[in-house]
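Just below is one structure, and these are the notes that go with it.
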Amino acid sequence: AKENGGGGRLEIYAAHMHAKVVGRLELQTELRQALANGDFVLEYQPVVDLESSQVTAVEALVRWQRGDERVLPEGFIGPAEESGLITPLGEWILREACEKVALWRASDWDIALSVNLSVKQILAPRFVETVAGALADSGLPAEVLTMEVDEEVLLEDQGEAVERLAELRRLGVRLAIDDFGLGYASLAHLRELRVDTIKIDPSFIRDLGTDGTVTLLTHTIIRLGQDLGVQVVAEGIERSEQLEQLRSMGCGYGQGFLVARPMVAEGVEALVGGEAGIPL
Ligand code: C2E
Ligand code: MG
Ligand code: MG
Ligand code: MG
């Protein structure tokens, strides 16, 4: 560092950056080991038909069991994307979830599956083959699987990803736009890709009924879905007023803590226990 007052600060800054880089590398090593050791766990959050209150699908959500701590995706998906680990991790998630849901279906439960995808996974070599392999090995019909992508995938510079998604679509796999809000997703792409589902971002649901603009926008998204023949799922339903409002607006499906929290497979089995219904 230079011989002026700022030198010390610069060194502290450099040391801080160094610690950050080392920390990130350590985390990435730890994540790689966790995958090898089988320390990732899937939870499943039920999605219900708002008219019948029946559970029609589950969304697989990954957690990292790090000793006693159960780490949420926010704590590791970013680093897993940066290091490329998201590709083998994503394949594990897909295979695990397909197997579980195929088992549930074999016990005569008509249930569908949603799995989240990172753009990085979509752009990895042999992505489409990987999905086809997971379906073939589990015996899950392609139409039962929905892959969720964020609307950023539909931005212009993601032509490659859009092409891969179109290939998935041709396999029979369904597509959902996650965290949908009017603003980013190209509506043209919604049609072009023949997206099956849009999932309304929880920020809309949070202010439903209290913020007039948000309420109007939510209603508009629901109508857009109806006009395009696309399923609409409201995410983040926490209060019964929100549920009632969504029902009155004709929203087809819902997901949120009020309906059911994400839970391990045994929890889903206990919740559903034969007659798939949640008292809503
Ligand atoms: P997402 O796909 O939008 O998943 C919904 C998130 O909202 C989940 O958080 C879920 O626990 C949470 N949630 C559900 N209902 C409510 C509610 O009523 N209130 C509130 N406050 N939150 C609710 P989670 O599990 O922490 O996942 C966060 C994000 O991490 C997911 O957002 C998804 O983008 C990503 N993610 C999760 N699992 C995977 C995965 O297997 N692969 C990839 N690539 N990303 C994943
Ligand atoms: Mg999702
Ligand atoms: Mg998401
Ligand atoms: Mg979402």
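The values are calculated or read from the model by the stated rules, or taken from the named source; none is laboratory data. Treat the numbers as computed from the prediction; the structure is a model and nothing was measured. Please note: Cβ atoms are built from the backbone with ideal geometry, for glycine as well, and neighbour counts cover all protein chains shown.
Considering only residues of the range 98-122 that are among the small types (Gly, Ala, Ser) and part of a helix (DSSP H, G or I), which is farthest from Glu81 (Cα to Cα)?
Only one residue fits best here, namely Ala106.
Which ones in the range 123-143 are closer than 14 Å to Pro88 by Cα and either in a helix (DSSP H, G or I) or not small (Gly, Ala, Ser) (or both)?
Scanning the range 123-143 gives Leu123, Pro125, Arg126, Phe127, Val128, Glu129, Thr130, Val131, Gly133, Ala134.
Quick test for you: out of Asp178, Asp150, pick the one residue that is within 16 Å of ligand 2 (Cβ to nearest atom) and in contact (Cβ under 8 Å) with a residue 60 or more places away in the chain.
Criteria check complete, one pass: Asp178.
Is there a residue being free of Cβ contacts under 8 Å to residues at least 40 places away in the same chain, of a type in the set (A, V, I, L, M, F, W, C) and surrounded by fewer than 17 Cβ atoms within 10 Å (Cβ to Cβ) anywhere in the range 188-197?
yes
Would the range 251-258 turn up any residue that is under 22 Å from the mean Cα position of the chain (by Cα), exposed (fewer than 14 other Cβ atoms within 10 Å of the Cβ) and at pLDDT 95 or above?
There is at least one residue in the range 251-258 that is under 22 Å from the mean Cα position of the chain (by Cα), exposed (fewer than 14 other Cβ atoms within 10 Å of the Cβ) and at pLDDT 95 or above.
Quick test of your reading of the structure: Glu43 fulfils all but one of (1) of a type in the set (Asp, Glu); (2) touching a Leu at 6+ places or on another chain (Cβ under 7 Å); (3) modelled with pLDDT under 95. Name the failing condition by number.
If we test Glu43 against (1) of a type in the set (Asp, Glu); (2) touching a Leu at 6+ places or on another chain (Cβ under 7 Å); (3) modelled with pLDDT under 95, just (3) comes out false.
Could you run through the range 55-70 and say how many residues are under 30 Å from Leu280 (Cα atoms) and surrounded by fewer than 18 Cβ atoms within 10 Å (Cβ to Cβ)?
Residues that pass the stated criteria total 2.
Given the options Arg239, Arg261, Arg194, name the one that is farther than 28 Å from Leu72 by Cβ, charged (D, E, K, R), away from ligand 3 (no atom under 16 Å from the Cβ) and out of contact with any Ser or Thr (no Cβ under 8 Å at 6 or more places or on another chain).
So the residue among Arg239, Arg261, Arg194 that is farther than 28 Å from Leu72 by Cβ, charged (D, E, K, R), away from ligand 3 (no atom under 16 Å from the Cβ) and out of contact with any Ser or Thr (no Cβ under 8 Å at 6 or more places or on another chain) is Arg194.
Listed here are the residues, each with its yes/no results for (1) touching a strand residue (DSSP E or B) at 6+ places or on another chain (Cβ under 8 Å); (2) closer than 24 Å to Arg32 by Cβ; (3) of a type in the set (Phe, Trp, Tyr).
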position: Ala57; (1), (2), (3): yes, no, no
position: Ala60; (1), (2), (3): yes, yes, no
position: Leu89; (1), (2), (3): yes, yes, no
position: Leu103; (1), (2), (3): no, no, no
position: Val131; (1), (2), (3): yes, yes, no
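So in the range 166-182, with the set limited to residues that are within 15 Å of ligand 3 (Cβ to nearest atom) and among the aliphatic types (A, V, I, L, M), which one is modelled with the lowest pLDDT?
If we take residues in the range 166-182 being within 15 Å of ligand 3 (Cβ to nearest atom) and among the aliphatic types (A, V, I, L, M), then Ile177 is modelled with the lowest pLDDT.
Restricting attention to the range 84-102, which residues are surrounded by 17 or more Cβ atoms within 10 Å (Cβ to Cβ) and more than 21 Å from Ala142 (Cα to Cα)?
Hits for the range 84-102 are Leu85, Ile86.
Quick check on my filter: what residues within the range 57-77 are within 18 Å of Phe257 (Cβ to Cβ) and part of a strand (DSSP E or B)?
Ala57, Val58, Glu59, Ala60, Leu61, Arg63, Arg70
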